[in-house]
Amino acid sequence: MRLELRGITKRYPGVVANDAVDLTVEPGEVHGLLGENGAGKSTLMNVLYGLTQPDEGSILVDGVERQFADPGDAIAAGIGMVHQHFMLVPVFTVAENITLGMEPTDRFGRYDRRAANATVTELAERFGLPVDPDALVGDLPVGLQQRVEILKALARDARLLILDEPTAVLTPQEADGLFESIRGFQAAGRSVIFISHKLREHHEIADRITVLRRGRTIGTVDASTSEPQQLADMMVGRPVILTVDRAPARPGDVVLELDGVSVEAPDGRLLVDRVDLDVHAGEIVAIAGVEGNGQTPLVEALTGLRPVTAGTVTLAGRDVTGADRRTLLRGGVGHIPEDRNEHGLVGGFTIRDNLVLNLWDDERFAHGRTRRRDVIDEHATRMMDEFDVRAPSTTTTADALSGGNQQKVIVAREFARPIELLVAAQPTRGIDVGSIEYIHGRLVAKRDAGVGVLLVSSELDEVTALADRIAVMFRGHLVGPFPAPLAKEVIGLMMAGVDPAEAMAGEAA
Amino acid sequence: MSAPTDEMTSTPQRSTWSARVVATVTGADARLTALAFVAAFLFGAVLLAVSDADAIAALEAGEGPAAFLGAALSAVGRGYTALLVGAFGSGGAVSETLVAATVLILTGLAVTIPLRAGLFNIGGEGQVVAGGLAGGYVGFAVEGLPLLVHLPLALAAAMAGGALVGWIPGVLKARTGAHEVISTIMLNNTLTFVAIWLLTTSLFQIPGRSDPISRSILDTARLPRPFGGLRVDVGIVLAVIIAGVVLWLLDRSTVGFELGAVGSNPSAATAAGMDVAGATVRGMTFAGIAGGLAGGALILGVQGRITPGFSSGLGFDGITVALLGRGTVGGTVAAGLLLGALKAGGRAMQARSGTSLDLVVVVQALIIVFVAAPGLVRALFRVRSEGASGTQISQGWGA
Amino acid sequence: MNPLERAARRRQLRFALVTLVLAVVPAFLLAPDGAGQRATFVLADARGERVVLEPLQVAVTPTVVTLAVLIALLGALQLARDLGRRAPVAVGAAAGLLVLAVLVWAGAGESVSVVALLRGTLFAAVPIAFGAMAGVLSERAGVINIAIEGQFLGGAFAAAVLASVVGSAWAGLLGGVVAGALIGVLLALLTIRYQADQIVSGVVLIVLATGVTSFLTSQLLSVNPDWNSPVRFQATAVPVLGDIPLLGSIVFRQTMLVYLMLITVVVLQFALFRTRWGLRLRSVGEHPAAADTVGIDVLRTRFRAVVLGGVLAGVGGSWFTLEAASQFAKEMTAGRGFIALAAMLVGRFSPVGALSAALLFGFSDALATALQRLPVPLPSTLLRTAPYVVTLLVVAGLIGRLRVPAADGKPYVKA
């Protein structure tokens, strides 16, 4: 399919999400779409997929102008989309998900399970993407769920496949498998739009790359002739520092010690399996790993959001195993949670209230039970200034802020109170490069001020840029930590469960 | 709509309390509220017209649309005039409005408080019953105390009774996840029968009588009436003082901050070290105190004794008041006064023009329909304004 | 012992303790009371069955003691072993045995009709089951329907008026259906089109339905009594099946709406879980965006589900005036719409589950009625709280085991 988007403009109240965007995808081409969060990639794809209508511009499929009023029209035109947040019903089976909307039925309207399963099996064989049609999607690992999403598009005979940040949930090795599949589609004459904010991946898989910034097309370049630095500059609009400046760490006493820590789910599944780890003052220890390998429950357990079911947690020499959240927070633990909207902020509250969210009844901010609103407001003014939070006032609500500014509010809140240990989980997820640079700088500064930092990240670049020691989590086990630097390929192998000795030997060889 | 970013999803933004507070005092929302009233009264007029005996007679006699319309219009005119006069037309009318408003403000607060914590209390009626029973019992059974001791004691008993009935669904929600909408309704129905039963026991009943009516409240436990012949008593002052306390509680205190955080985002509240279960129990208990006080004010005030069904519909009245007040304390007081006028007027209308008081319930419900779905009002009156959807305030079954 | 195990142990002890407490009542309060007396359980109905079962007679004290021992054994079992998620079931079983003990005790020297009790159970379950299915339809599609109580009232009112004016129960049923559907349309408009808060919308519609039906009752029905004297459905026996001993008397000598309810449960269960229609309906309640991206019209699917739910709730409402009572009275539904909601939750959003729960609530209703007829030293007013108390306890007993359709209660807004 040859796809052409001409002058697509989409406005939302107060924002122009797409401003006269042009994009051409040739038959059999893998076209990379690169841009920061908020650059307008998703809006453009929503327009293309019929999820939203453009205010201006036209869509041409094989030279013919088309109107997509809803995804059904886009699907009929041969466009398929694999969404970043999977469009799958977890409680339905694989076959039910793939055939939803085009269900085989008998004369009485009864859903024909056998025919559906046969369709799925046939499809899976044809494209070499095996799945169990009767498995519940919610029980499958994310890699397989993504496969179901792809099959869903292929079942509708997609000739152009949109992949929205497909590697975010995959191990590097799984990503390689995905790239294999993409090359397979390409060989069969299908086109692919590949969306990612990772430069490396574009160079690996794309033929051409279009860069979006603030809703505008900055340019389209050949993947083979472009340089990463050039793309990064195009994406951000100014020279980007790809590395973080930092002096060697000067580790002090142990602030956090985990000894055989296990975490069980309420149903008895072992999520974290006997983890030993220590974090010293003045160092950054990173835990890398593909999401879903136990990092989240581990962080929740050691910050008091979930019970530790075995082992001990020691904070600066005090045994805090089983201590509640409040005790830990007031006892010197700072926490940047991985989901800022879920755990980090109360979206409907103002910035100033969010800045004292976990000190709401501290005597600095309350006389008895009456809140000291003047003090809280002064505090907020100071913090917003110090931490570069860009908002009209201290009474702006948190959900009106960009992701980067929301994250800075959380960072300000955690950094403004006396802490010995900082647990930062995915601290820069989904935010703009400027904010990433800022937060990275702040984390290093906190380390240099003598705080122990435990960084949990699934971004390899972040881990290698910040960590003094690196550990990897795989299926609830912790491997390491090993002193940095560690080659990304070695970390990647360990993230896929390869034994560390083997991973390092393989790299050396 | 949220700002269109790459993270945009299909889940709608949860509209927020603070945003709504701002919206209430700014023009657009106030105008919509006014239009909601207009629309509700228009629909009420239709109902009044089609159910009017003369109008129906005109129709049945085949006197043509003009005769029907004439009869209908005169019925509407009579009804609404009686309503207006009954609410504001005289000192007595204003007194009746204040009497009704006393209970409405308190039951409204019984909804407003837990709403801040994301809890929808439809148990106002049960809380009123419990407050009335407890306060009333102390009011007639405890003898020989001076007013300054007896009245506060009876009011305290009313609060305690209501608190207990509010506490139960709070604990059930916090401990077992039983949704408060179901548990409070079940308590309402249970308490209605418990009240009827109690009123037939020697504990409450007038000796020698068989009807389910309690003994009269002693004078030392009655709320004083400052204006002699008028029925308005100091209950209205009490209600306003309580509203002041609630204002501090919800908007100025650490307790209210916790309730708000829990109601707005329980996960973030937990992560901030707050006690979500405790806030749930506290929110419902405070609600029960307000509801119980409403029952106490009613029994120790205008009623003077406990009769079966004295609480009928008061819980739902409270919901109307709270929603009309958009979850703010000031709004709740204002809405309580407004609906108090509606109610007092409705009673006068029933007495004068024979129109059933239930019309007031219909109008009340319609007002809330329009307040809850501003889009509907806009569509009706073709008003254009910013902000698309209705507000999401309650929590689903799983919460 | 880790913290999760400690919590589990505490829970186990709590459940065991509750069970043991349940054993105390029959053992010490009921057993001494009926010494030397016998209770008679009538197993047939005096309405011309072919086979008439002999009444069952039991000695009160030994039976009650036996039941108490069984309850105590259930408690002991829980002390010894953690039954985990089945613990509430064990408590429920113990409660069932306790109810049996109460029945035996209350029947001392009297005769209790098992047929009447169970037939009453099924009969009382009718509106609850219809209401719960209304909820299932709507909530499986992602819209919380609190308004069932209002749909009951509207249905009961319209059914009464139409059955009176037209002079046919079927016309009444049609009226009930239309009224229920109409409130369904209002709910759908408010929640889907105008995205008002779903629980608030439902409550408001209840108040509205209460107000309108009460107003019209005062203004119209009280003046024209012949508008409120509905022709009602009469009990009709199903040929052959009605002659099965016991079961026939209970299930197949019932009224029209009982049969209609049983058929609806089966049809809806099949339609929801075995057809394309059901798959699509559930998909918009679980993940509307996913349904949308494959071309399913989310809003229309939801709208239809809510209105169809209104139809079912309207049928349930008709029961009040076409079968249960002889005329419409203000607020006659007395919270049953909320019990239906509870039945929907307890029945985990499935029609068959909803029926089971409805039967439980129906039983508490029928039992209270049966006990009121017996010389029991319990005030009859208090017995009438039974369905509400049972609902409260059962909903509390669910303890976080509820899996709600993922998008239930959330308006769908396109990106």
Expected sort for A:198-211, A:215-228 on mean C-beta neighbours within 10 Å, highest first, is A:198-211, A:215-228
Förster-model FRET efficiency, 51 Å R0, C:R86 and B:T201, C-beta, rounded to 0.05: 0.80
Mean residue ellipticity (222 nm) of the protein assembly as shown, computed from DSSP H runs ≥ 4 via -39,500 (n - 2.57), nearest 500: -17000 deg cm²/dmol
Tally Lys and Arg at +1 and Asp and Glu at -1 over the other residues with C-beta under 12 Å from the C-beta of B:R305: what net charge comes out? +2
Restricting to Cα pairs under 8 Å and 6 or more apart, the percent relative contact order of the stretch A:353-400 works out to 26
In the stretch C:11-84, the trypsin sites (Lys or Arg not before Pro) that sit in a DSSP loop and have at most 16 other Cβ atoms within 10 Å of their own Cβ are C:R47, C:R50, C:R81
Going from most exposed to least, what order do C:R10, A:R442 have by accessible area with a 1.4 Å probe? C:R10, A:R442
Averaged over the residues of C:187-197, the number of partner chain Cβ atoms within 10 Å of each residue's own Cβ comes to 6
So the FRET efficiency between B:V245 and C:K330, C-beta based with R0 = 45 Å and rounded to 0.05, is 0.80
GluC sites (Glu not before Pro) within the stretch A:349-439, DSSP loop, no more than 13 other Cβ atoms inside 10 Å: A:E363
What spacing in nm lies between the two simple spin-label points modelled at A:D62 and C:L246, each 7 Å away from Cα in the Cβ direction? 7.0
Amide H contacts under 5 Å for A:R216, restricted to residues at least 5 apart in sequence or on another chain and with H modeled in the peptide plane, are A:D19
Per-residue mean of other chain beta-carbon atoms within 10 angstrom of the beta-carbon, peptide C:15-22? 0
For A:V82, residues with placed amide H under 5 Å, excluding near neighbours: A:I162, A:L163, A:D164
Peptide B:268-280: average number of partner chain Cβ atoms within 10 Å per residue? 6
Using heavy-atom solvent-accessible surface (probe 1.4 Å) with all chains present, what is the largest-first order of A:E56, A:E283? A:E56, A:E283
Hey, which lysines would be in cross-link range of A:K41, C-alpha to C-alpha under 19 Å, not counting anything within fewer than 8 residues on its own chain? A:K10, A:K198, C:K414
Mind computing the radius of gyration and Dmax over the alpha-carbon atoms of chain A? Å is fine for both. 24.5, 74
Over the Cα atoms of the stretch A:3-236, what Rg and Dmax result, in angstrom? 17.9, 61
Remind me, relative contact order of chain B in percent, using alpha carbon pairs under 8 angstrom and six or more residues apart? 31
Antiparallel bridge percentage (DSSP; both residues within the protein assembly as shown; nearest 5): 60
Treating chain B as a set of equal point scatterers at the Cα positions, no solvent, please give the Debye-formula log₁₀ I(q)/I(0) at q = 0.08, 0.10 Å⁻¹. -0.46, -0.71
Translational diffusion coefficient of the protein assembly as shown at 37 °C, 0.692 mPa s, Stokes-Einstein with Kirkwood Rh over Cα pairs, in µm²/s as a whole number. 96
Could you pull out every one of the lysines with an alpha carbon less than 17 Å from that of A:K446, ignoring same-chain neighbours closer than 8 positions? A:K408
Which of the trypsin sites (Lys or Arg not before Pro) found in the stretch A:72-126 are in a DSSP loop and have at most 11 neighbouring Cβ atoms, other than their own, within 10 Å? A:R107
For q = 0.10, 0.12, 0.15 Å⁻¹, what log10 I(q)/I(0) does the stretch C:3-109 give under the Debye formula with an equal point scatterer on each alpha carbon and no solvent? -0.38, -0.50, -0.67
Return the distance in nm (one decimal) between the two label points of a simple spin-label model at C:R274 and A:R318, each offset 7 Å from Cα along Cα→Cβ. 6.2
Could you work out the local net charge near A:S262, counting Lys and Arg as +1, Asp and Glu as -1, over the other residues with Cβ closer than 14 Å to its Cβ? -2
Can you give me the relative contact order of chain A as a percent, contacts being Cα pairs under 8 Å and 6 or more apart? 15
In whole Hz, what ³J(HN,Hα) sequence does the stretch C:147-162 give by Karplus (6.51, -1.76, 1.60; θ = phi - 60°), x for Gly and Pro? 6, 3, 4, x, 5, 4, 4, x, x, 4, 5, 4, 4, 4, 5, 5
Relative to the Cα centre, what is the charge dipole magnitude of the protein assembly as shown, using +1 at the beta carbon of each Lys and Arg, -1 at the beta carbon of each Asp and Glu, and rounding to the nearest 20 debye? 3660
Solvent exposure ordering (accessible area, 1.4 Å, most first) of B:S74, B:S267: B:S74, B:S267
Please identify which residues in the stretch C:269-296 have an amide N closer than 18 Å to a label point set 7 Å out from the Cα of C:L402, following the Cα→Cβ vector. C:285-286
A:E122 paired with A:R382, simple spin-label distance in nm, labels 7 Å along Cα-to-beta-carbon: 7.1
Computed FRET value (nearest 0.05) for A:A265 with A:R11, which takes r as the C-beta separation and R₀ as 45 Å: 0.50
Tally the DSSP beta bridges in chain A and give the antiparallel ones as a percent, rounded to 5. 55
For chain C, what mean projected area does the convex hull of the alpha carbons give, in nm²? 23.6
Of C:L53, C:L221, C:L182, the most mobile residue in a GNM of chain C (C-alpha springs, cutoff 10 Å) is C:L53
Which cross-chain or sequence-distant (5 or more) residues have an amide H under 5 Å from the amide H of A:D278, H modelled 1.01 Å from N in plane? A:L258
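The values are calculated or read from the model by the stated rules, or taken from the named source; none is laboratory data. Every value quoted in this text rests on a predicted model; they were computed, and no experiment measured them. Virtual Cβ from ideal backbone geometry, glycine too; neighbours counted across all protein chains shown. The protein model used for the area step is the full one, side chains on, heavy atoms only, and it has no ligands, DNA or RNA in it. Shrake-Rupley method; radii C 1.70, N 1.55, O 1.52, S 1.80 Å.
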